[in-house]
Amino acid sequence: MLILIDDTYNSYGTFEELTLFIEAIRRWDIGAIGTLPDYMKFIYKTLFDVFGAIEEDLTREGRPYSITYPKKLFEQKRGHVPSTVECSMKQYGASEDEAIRVILEQVADAWKDLNEAMLKPTAVSMPLLERILNYCRTMEFVYKDDRDIDAFSDPTKIKEQVASLLKDPIL
């Protein structure tokens with residue numbers, strides 16, 4: 001989902017289309033889908049459905065406070081998408097250093113939850129769960145950079161690691 005939205009912003013959306021998309025997210029109403037170009041309707045509906053499903057799961061687990069709606073992410077001028085650190089600074093009234101500390105604590109807690117869940121019996125097959133876990137590991141590797149630009153935005157940062165895997169694969 002992140003890649004789809006990122007690519008839409010960076011490559012496909014016109015300024016006018018992105019303005020409509022931002023306004024739809026600010027409204028956070030499925031009825032706003034009618035204002036969007038056809039190719040954005042799928043993105044908006046999927047985003048809306050995913051956050052709804054996450055909210056249901058977290059509410060069932062007794063953690064409804066854990067969801068942050070995307071409309072909170074689109075409150076800066078000119079359609080700039082704020083970083084997680086900027087959102088945390090605004091949400092908690094924190095300094096940049098404090099926001100980073102809070103985010104790193106949340107990431108650590110999420111890893112604990114994920115690891116704990118991997119140890120519990122489940123109806124979901126272990127190979128599927130391992131793929132999900134590996135996807136999470138990949139995302140942390142690609143995005144983990146406290147202050148500098150991440151490897152998603154600048155893939156040259158992980159060029160040597162990728163080349164190493166291709167040259168000397170882990171079997």
Pull up the cross-link candidates among the aspartates and glutamates for LYS90, meaning alpha carbon to alpha carbon under 12 Å and not fewer than 8 places away within one chain.
GLU75, GLU98
Can you return the aspartates and glutamates within cross-link range of LYS41? Criterion is Cα-Cα under 16 Å, with same-chain partners fewer than 8 residues away left out.
ASP6, ASP7, GLU16, GLU17, GLU23, ASP29, ASP49
Would you please give the FRET efficiency between VAL50 and LYS112, computed as 1/(1 + (r/R0)^6) with r the Cβ-Cβ distance and R0 = 25 Å, to the nearest 0.05?
0.60
Would you please classify the overall shape of the stretch 10-64 from the alpha carbon gyration tensor, given that a ≥ b ≥ c denote the square roots of the eigenvalues, rounded means a/c under 1.5, and beyond that prolate means a/b larger than b/c while oblate covers the rest?
prolate
Using Cα positions and a limit of under 16 Å, work out the aspartates and glutamates in reach of LYS120, with same-chain residues fewer than 8 apart set aside.
GLU61, GLU130
Would you mind ranking CYS136, CYS87 so that the residue whose beta carbon has the fewest other beta carbons within 10 Å leads the list?
CYS136, CYS87
Starting from 0.36 nm per residue, how many nanometres of slack lie between ASP168 and PHE15 once their C-alpha separation is accounted for?
50.7 nm
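Rule-based calculations on the coordinates, nothing more; no lab input. Everything quoted here is computed from the prediction, not taken from an experiment. In this analysis, Cβ positions are derived from the backbone assuming ideal geometry, glycine residues included, and neighbour counts consider all displayed protein chains.
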